[in-house]
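Down below is the structure, laid out as structure tokens.
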Amino acid sequence: MFATLEVDVARASGPTIARWQLGRELHRLREAAGVSHKEIATELGCSESKIYKIESGVVGVSRSDVIVMLTRYGVSDDRIRQTALDLQRQGKERGWWAKFGQLPNPYSMYIGLESAATAVRNFELAVVPGLLQTEAYAYAIVSAAWPGQSEEVRRRVEVRMTRQDHLTEEPALKFWGIVDEGVPLLVKMV
């Protein structure tokens, strides 16, 4: 059975958290039913690796696969089935950052978590936190990391500036940061 968990979500969170929640619940249901990874993989006609990825939230899962899994695990409670299908649908949605093209997986995951967060705590030793950088500062930092790649620099700065919008959306993302005194402070005040 799904545990009831109440959290404040600052805005639509994208697929990251929904995939994790669904994966955790599918894992729990599979274990409770005594079904192995190999057995459910055979039933779905996929690899065991895919089952591990679904259960860890790394990949989304189709509606039909969720239905097969729930049936195989003996889940007949309509409320549990509907919650799982709702999480599956949310997990297949594209996050706001998808419009910027393929981003590195760790960065996409970070943005997904940040998008679902109600508060962010940040410590920076050498630079102004990304959520507080001016566009000019961001261009300087990103250009140093990707010299001669103007399109990649433009795209990454655009993502960073869009991430900052979450500081002023309602309800606003709460930001708490520590910045080393040696960091040049050209920050965007919101």
Checking 138, 117 in turn, the sole residue that is out of contact with any helix residue (DSSP H, G or I) (no Cβ under 7 Å at 6 or more places or on another chain) and aliphatic (A, V, I, L, M) turns out to be 117
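State whether one or more residues within segment 125-136 are in contact with a strand residue (DSSP E or B) (Cβ under 9 Å, 6 or more places away or on another chain), open to solvent by 50 Å² or more (accessible area, probe 1.4 Å) and more than 30 Å from residue 38 (Cβ to Cβ).
Within segment 125-136, one or more residues are in contact with a strand residue (DSSP E or B) (Cβ under 9 Å, 6 or more places away or on another chain), open to solvent by 50 Å² or more (accessible area, probe 1.4 Å) and more than 30 Å from residue 38 (Cβ to Cβ).
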Kindly list, by first and then second residue, each pair from a residue in segment 89-106 that is in a helix (DSSP H, G or I) to a residue that is of a type in the set (Val, Ile, Thr), limited to pairs with Cβ atoms under 7 Å and residues at least 6 apart or on different chains.
97/111; 97/159; 100/159
Could you list all residues from segment 48-79 that are in contact with a helix residue (DSSP H, G or I) (Cβ under 6 Å, 6 or more places away or on another chain), outside any helix (DSSP H, G or I) and among the small types (Gly, Ala, Ser)?
57, 60, 74
For segment 140-171, how many residues are open to solvent by less than 40 Å² (accessible area, probe 1.4 Å) and modelled with pLDDT under 85?
2
Do the conditions hold for residue 82, that is, is it outside any loop (DSSP other than H, G, I, E, B) and either surrounded by 14 or more Cβ atoms within 10 Å (Cβ to Cβ) or without any contact (Cβ under 8 Å) to a residue 60 or more places away in the chain (or both)?
yes
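Given the criteria at pLDDT 90 or above, among the β-branched types (Val, Ile, Thr) and outside any helix (DSSP H, G or I), does residue 9 qualify? Show your work before the answer.
Values: at pLDDT 90 or above: no; among the β-branched types (Val, Ile, Thr): yes; outside any helix (DSSP H, G or I): yes.
So residue 9 does not fit the description; no.
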Got a sec? Which of 19, 30 is part of a helix (DSSP H, G or I) and farther than 30 Å from residue 154 by Cβ?
30
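The values are calculated or read from the model by the stated rules, or taken from the named source; none is laboratory data. It should be emphasised that the depicted structure is a prediction, and the values quoted were computed from it without experimental measurement. Positions of Cβ are backbone-derived with ideal geometry, glycine not excepted, and every protein chain shown enters the neighbour counts. Areas reflect the complete protein model, heavy atoms only, side chains present, ligands, DNA and RNA absent. Shrake-Rupley method; radii C 1.70, N 1.55, O 1.52, S 1.80 Å.
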